[in-house]
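FYI, it's all coordinate maths here, none of it is from the lab. All values reported here derive from a predicted model rather than from experimental measurement. Using ideal geometry, Cβ is built from the backbone for each residue, glycine included, and neighbour counts are taken over all protein chains shown.
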Amino acid sequence: MAYGQSADIILRGGTVVDGLGSAPVVADVAIAGDRIVAVGALGGMTAPSEIDARGLAVAPGFIDVHTHDDLACLAAPEMTAKLSQGVTSVIVGNCGISATHLRFDAAVPEPFNLLGDADRFTFPGFADYAAAVDRTRPAVNVGALIGHSTLRLACMAARDRPAGAEEIAAMRALLADALRDGALGLSSGVFYSPARAADIAELRGLMGALAAAEAVYTAHIRDEYNEVAAALDEAFEIAGPDRVRLVISHHKCAGVQNWGRSVETLGLIDAARIRQPVLLDCYPYTAGSTIIRDDLADGKIEILINWSEPHPEMAGRQLADIAAEWGCDQPAAARRLAPGGASYFQIHEDDMRRIIAHDGCMIGSDGLPVDPLPHPRLWGTFPRVLGRYTRELGLFTLEQAVHRMTGLSAATFALADRGVIAPGMAADITVFDPTSVADTATYDVPQAIARGIDLVFVNGRLSWRRGEGTGTRAGRFLRRQPRAAPPDQSA
Ligand code: ZN
Ligand code: CU
C-alpha cells in the first residue's frame, strides 16, 4: 500500500472500472509521473492536484485497436478525433497497409491512399517511423503493425501472383526487423488489390516470425460478403499451425443476402477458438467505409459518397442519386467517382450487436482520418459503445464494455503496462460520466466531439478536459511488450 508515498495527482472517489472486467469499485487513484502508483482508500495520501471524481467512471484510457492513423498522427498530432473520445492509444497499420518502407513518386495507389498523400511516405524502415512518432509526440500513444501489402510492395516487382520463396524470405526479413524494432505484429488485407493474389502459403511463410516474437496477426479477410465463411477459414488456416494470435478485423456479414449470418460466422470463430487463439474487432455502426469500389455498388444497399477526387462536389450525396442524375447505373457512377471514399450501409444492426457482444471482440474504430467527410466512427466509436450500446441498450455491462476497449486490447496486442487501472501501470486514464457519455457524430456532421468525456490523462499528463484539449501532447511510440513485468509497487 502506498501511505507516505508521494503522488502528483489523486483522483478522489471515482468509480474505478479496472479494464479487466471486474465489478466497478469506488476508490482513489494516485498518479506519480507517468505511472499509477496506488489504487484504494488513499485518505493518508495528498497530492498537489486532487480531483473530485465522485459519480464519474475512472477507466484505463481506451485503446483503438483498429486505425489508419499511421500518418495522421504525425500530420495532425493533436489527434482530437481520438483524444476527445477518451482514446489514449491507437494501433496503426491495419488492413495490410502501413506507412513504412514505401515511397510514391506520383499518386498513392489504393488502398494506401487511405493513409495520406505521397509526400508523407518518408520512412525507409520501421525504426524511422518509431523515431518520428517519438519526435512528433502525438497527443495519444501509437503502436504499429506492419502491413503485408506494404511488404509486398517493398519486396515484389509484380503483385499479380503469389510470392515466390525468395520474395517470402525478403518479406520475412523485413517483418523480423520491424518486430525487433517494436512492431506489434503483421496485418493483412487480401481483400485489396495489392494482396489479392497472395495465397495461404505466402502468408503462412510469415507466421513463424510472429510466433517467435509472440506477436499478433490481424486480418482484413478476403471476403466479408457471400464467401465470408471461406474467408474466415483461410485466416484460421494461415495462423493456426504456428498458433499465432489472430484478430479478425472489423468483422461483419456484409450485403443484404448475408444479413443474419453472424450466427454462423461467430460459430465458426468459436469452433476455431478451441484450437487456436482468435479475437476480433468491430465498430458500432451498420455502415462500413472504404475506397469507392464499383463491385460494392449492388443496387441494394445505400452508398454515401464521402469524397471523390474527380468530383469533389459529390461528397455527402447518395450514389443512387448521382447515378440517376448521370443517367448511368451505380457501378458506372462509382467508376467515374473513383478514386474516392464512401460509406456502405451493408451491415444489419442485429449482426453488428451480436458480433460486438462476443467475448473475444474488441472495439476498433476503423476511422479514416484523411477523409474530408469521414464516416462518423472516426469521432464517435467509443462513446457510442458506452452510451448507446451499454447504457441505453444494455448490450453489456459497463465493465465488460470497458474491458473490450482496454484490458482485452492491451493483452491481445502485447501492451503489458497499459489497459488496466493498477499500481505500476502507465497512467493512461479516462474519466467519464457513465450517465451522459454519448457520441454526437453523424453521417451528416461527422466531425463532432462526444459528450461526457471529462478528463483524459496520457502518460500521467492531463490532455483533455471537458470538451477541449489542454494542448499537452504526451503520447509515445509503444513497442511490443510480450510478457507482463510484475507491476512495480514501490515506484
Ligand atoms: Zn480493413
Ligand atoms: Cu481498416
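State the extension gain, in nm to one decimal, for the chain segment bounded by residue 329 and residue 169, taking 0.36 nm per residue of separation less the distance between their alpha-carbons.
Details: separation 160, 0.36 × 160 = 57.60 nm, distance 4.48 nm.
Difference between extended and current length: 53.1 nm.
What is the gain in length, in nm to one decimal, between residue 41 and residue 259 on full extension, counting 0.36 nm per residue of separation less the C-alpha to C-alpha distance?
Extending this stretch completely gives an extra 73.5 nm.
With a sphere of radius 14 Å drawn around the Cβ of residue 94, what net charge do the other residues whose Cβ falls strictly inside it have (Lys, Arg +1; Asp, Glu -1)?
On the way: positive: 377; negative: 64, 69, 70, 281, 366.
With Lys, Arg at +1 and Asp, Glu at -1, the net is -4.
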| task | Give the share of C-alpha pairs in each 5 angstrom bin for region 296-341, from 0 to the last occupied bin, in whole percents, shortest bins first. | result | 5, 27, 38, 26, 4
| field | Selection from 472, 397, 90 lying farthest towards where the dipole of the chain points positive, charges on Cβ | value | 472
| message | Can you order the peptides 132-138, 456-462 by their average number of other Cβ atoms within 10 Å per residue, highest first? | response | 456-462, 132-138
| With labels modelled as points extended 7 Å from the Cα through the Cβ direction, what inter-label distance (nm, one decimal) is found for residue 23 paired with residue 353? | 2.6
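Looking at the chain, I'd like the Rg to Rh ratio, where Rg is from alpha-carbon atoms and Rh is Kirkwood's inverse mean 1/r. Numbers along the way, then the final one.
Numbers: Rg = 21.8 Å, Rh = 22.7 Å.
Ratio value, two decimals: 0.96.
Please give the net charge around residue 470, taking every other residue with its beta carbon less than 12 angstrom from that of residue 470, where Lys and Arg add +1 and Asp and Glu add -1.
Details: positive: 461, 465, 466, 473; negative: 78, 468.
Within the 12 Å Cβ shell, the charges total +2.
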| note | Counting only DSSP beta bridges with both partners in the chain, the antiparallel fraction in percent, to the nearest 5, comes to 50
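So, with +1 on the Cβ of K and R and -1 on the Cβ of D and E, and no other charges, what is the size of the charge dipole of region 1-125 about its Cα centre, to the nearest 20 debye? Please report the intermediate quantities before stating the final value.
On the way: 6 positive and 14 negative charges, 63 e Å.
The dipole magnitude comes to about 300 debye.
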| field | 5 angstrom amide H check on residue 32, placed H, neighbours 5+ away | value | 8, 37
| remark: Residues whose built amide H sits under 5 Å from the amide H of residue 454, excluding neighbours closer than 5 in sequence, are 431, 432, 433
| remark: Label model pair residue 6, residue 128: point-to-point distance (7 angstrom along the Cα→beta-carbon line) in nm is 4.3
| said: Using only the alpha-carbon atoms of region 214-286 as identical scatterers, what base-10 log of I(q)/I(0) does the Debye formula give at q = 0.16, 0.28 Å⁻¹? | reply: -0.51, -1.44
| In the neighborhood of residue 73, defined by Cβ-to-Cβ distances under 13 Å, what is the net charge if each Lys or Arg adds +1 and each Asp or Glu adds -1? | +1
| query | How fast does region 227-353 diffuse by Stokes-Einstein, in µm²/s, taking the Kirkwood radius from C-alpha pairs at 37 °C and 0.692 mPa s? | reply | 205
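Under unit Cβ charges (Lys, Arg +1; Asp, Glu -1), what dipole magnitude, rounded to 20 debye, does the chain have relative to its Cα centre? Can you show the working numbers first?
On the way: 44 positive and 59 negative charges, 192 e Å.
It comes to approximately 920 debye.
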| query | Under a point spin-label approximation (7 Å from Cα along Cα-to-Cβ), what is the residue 321-residue 448 distance to one decimal in nm? | reply | 1.8
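Order these peptides, 58-70, 209-221, 78-90, by their mean beta-carbon neighbour count within 10 angstrom, highest first. All intermediate terms of the calculation are to be shown ahead of the outcome.
Details: 58-70: 30.4, 209-221: 22.6, 78-90: 27.1.
Descending packing order for the listed peptides: 58-70, 78-90, 209-221.
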| message | Taking a virtual spin label 7 Å from the Cα of residue 243 along the C-beta vector, which residues in region 170-212 bring their backbone nitrogen under 20 Å of it? | response | 185-186, 204-212
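Just to be sure I understand the rule: take each whole DSSP H helix in the chain, project its Cα atoms onto its long axis, keep it if the span is 18 Å or more and its mean Kyte-Doolittle hydropathy is at least 0.5. Which ones pass? Walk me through the numbers on the way to the answer.
Details: long enough: 165-180 (22 Å, 0.57); 200-213 (20 Å, 1.29); 262-275 (20 Å, 0.46).
Membrane-span-like by this criterion, though nothing is claimed about a membrane: 165-180, 200-213.
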| Gain upon complete extension [residue 157, residue 270; 0.36 nm per residue less C-alpha separation] | 36.8 nm
| said: Only four residue types carry charge here, +1 at the Cβ of Lys and Arg and -1 at the Cβ of Asp and Glu. Report the dipole size of region 296-341 about the Cα centre in Debye, rounded to the nearest 20. | reply: 80
| remark: What helix-only [θ] at 222 nm does the chain give? Using -39500 (n - 2.57) per DSSP H run of at least 4, over all residues, to the nearest 500, the answer is -7500 deg cm²/dmol
